[in-house]
Amino acid sequence: MPGKKDNYRYQFLAKKWTDRHREFQSKIFAKHEDSFKWFTDNSKQLVIGSLAGIMLLTSPILDKIPQSISSVSAQVKTIDKRVFLIYDLRNVLPNEVRSLTPEEEKNVSEILVRNVGFNVVSELDGKRLNTTYGIIGQEQHLSRFSGDNMFTHFDSSDQADKYWSYGMAPGLGAFGYFTDLSGTLTQQDIDREKYYIAVQTFLAPGYDNNTKDYNDFFKYRKMLVINPQNGKAIVADIADAGPSPWTGKQLGGSPEVMNYLERFDGSQIGAVLYFFIDDPNDTIPLGPVNL
Amino acid sequence: MKNKFFYSHLIEITDISLKLKDVNLSDDEKAHLTSLIEANIHSIVIDTVLSELSSDDKKTFLKNLVSDNHEKTLEHLNSRIGKLEDKIKKSVEDLKSDLVKDILDTKKLS
């Protein structure tokens, strides 16, 4: 039986060779992008629905990795799928971060639906945000109930170690506490805080004409948030309003959301896509999306 | 190679497999690493070939590749690329050297 030391060697090689393969894929696509695009546009007889699909041609790996072995194997497949998502999005997103045109939103929405398997839209029930593509900043933890503090906030010491440093926001979220009392805190409440985003609800078209209706709509509304640079996607909920327009940011993410998306504040600030999830029966769970 | 592609007859990975034997791996781990070796070889061969083709020939090549007709693919490539086999072998040998070096590097891991 291979010992722990040998497994270490396996992990080393698996990571190194997976990274190398990703680099090859990126290089091939960048060098020969025109040919791949042409092929996608002219291969109606093939079941290749996207530019990313054609990338499968350069990778026989997807159906060849043993299913049973390890999380590393699953990770490799996830990475490959994310590579496709990144390429597809890169093909339709503008070079600068700005509000997308209706056509661009439609293209992005189609790509996302194809990749995540559920319906995501830029406009839901006649309501939309000021943008679907914006700069995301770092938010703090929100108080879930009266008396919630840094000592009561975390499920485990691991979580505390990882997320303590972000601190607790001094005020409440835009919709108040998630529950009235600590004893009534449900898993849904916990997840709603853990995976929350703050969006500029107050800049939504039509907001000023019917504030209550809009606030009811936005409260804990589920959104798919995607980092287009690494293909990581998470189902988040709106639990706060902000940031102020003068910050230059369009939305904010909880420590858990930012950590998963690998987005940072400050000099490394970056953009995300955020689209409403059409989930009338509330069947899509909050948290990271496995592509 | 376990899977057949238009270049499979040119590729031999027994030497890497033997090096991998020095690392004590489970069967699943070996299978996974072997699939990664093949995936990397596939990518570098595709890149080598595409880099030698004109825009129109790239399109023909991609069509042939998708059709899985290895003979037709090879015939087309041989008619367009001089010393095709040597070029593919050279690219793959360079890659294999890097992969063997990676395997040797695992011995430095504590």
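Bear in mind that the values in this text are calculations on the coordinates, not laboratory data. Worth saying up front: this structure is predicted, and the values here are computed from it rather than measured. Heads up, the Cβs are rebuilt from the backbone with ideal geometry, glycines too, and the neighbour counts pull from every protein chain shown.
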Output the peptides A:134-142, A:109-117 sorted from most to least packed, where packing is the average of other Cβ atoms within 10 Å over each peptide's residues.
A:134-142, A:109-117
Two pseudo-spin positions, 7 Å from Cα along C-beta at A:Asp265 and at A:Ile190, lie apart in nanometres by 2.6
Of B:Glu75, B:Glu38, B:Glu52, which is the most mobile in a GNM of chain B whose springs link Cα atoms less than 10 angstrom apart?
B:Glu75
Taking +1 at the Cβ of each Lys and Arg and -1 at the Cβ of each Asp and Glu, which of B:Ile37, B:Leu10, A:Gly173 sits farthest along the dipole of the protein assembly as shown towards its positive end, judged by Cα position relative to the Cα centre?
B:Leu10
Please work out the FRET efficiency for the pair B:Asp56 and A:Ser244, using the Cβ-Cβ distance as r and a Förster radius of 51 Å; give the result to the nearest 0.05.
0.40
The answer for the per residue Cα convex hull volume of the protein assembly as shown, in Å³, is 175
Given the options A:Leu224, A:Gln25, A:Pro255, identify the residue whose Cα lies farthest towards the positive end of the charge dipole of the protein assembly as shown (+1 on Cβ of Lys, Arg; -1 on Cβ of Asp, Glu).
A:Gln25
With Cα springs under 10 Å, the Gaussian network model of chain B assigns the largest mean-square fluctuation among B:Thr34, B:Thr73, B:Thr60 to B:Thr60
Shielding by other protein chains, A:17-23, mean Cβ within 10 Å:
5
Where the centroid of each part is defined by its Cα atoms, how far is the range A:257-287 from the range B:1-72 in Å?
37
Under DSSP H, which helices of chain B have Cα atoms covering 18 Å or more of the helix axis and a Kyte-Doolittle average no less than -0.5?
B:27-52
Report, ordered by chain and residue number, the lysines lying within cross-link reach of A:Lys37, taken as a straight Cα distance under 27 Å and ignoring same-chain residues fewer than 8 apart.
A:Lys27, A:Lys64, A:Lys77, A:Lys81, A:Lys106, A:Lys232, B:Lys4, B:Lys58, B:Lys59, B:Lys63, B:Lys72, B:Lys87
About the Cα centre, and with charges only on the beta carbon of Lys, Arg (+1) and Asp, Glu (-1), how big is the dipole of the protein assembly as shown? Nearest 20 debye, please.
1140
Note on the protein assembly as shown, DSSP bridge orientation, antiparallel percent to nearest 5 equals 75
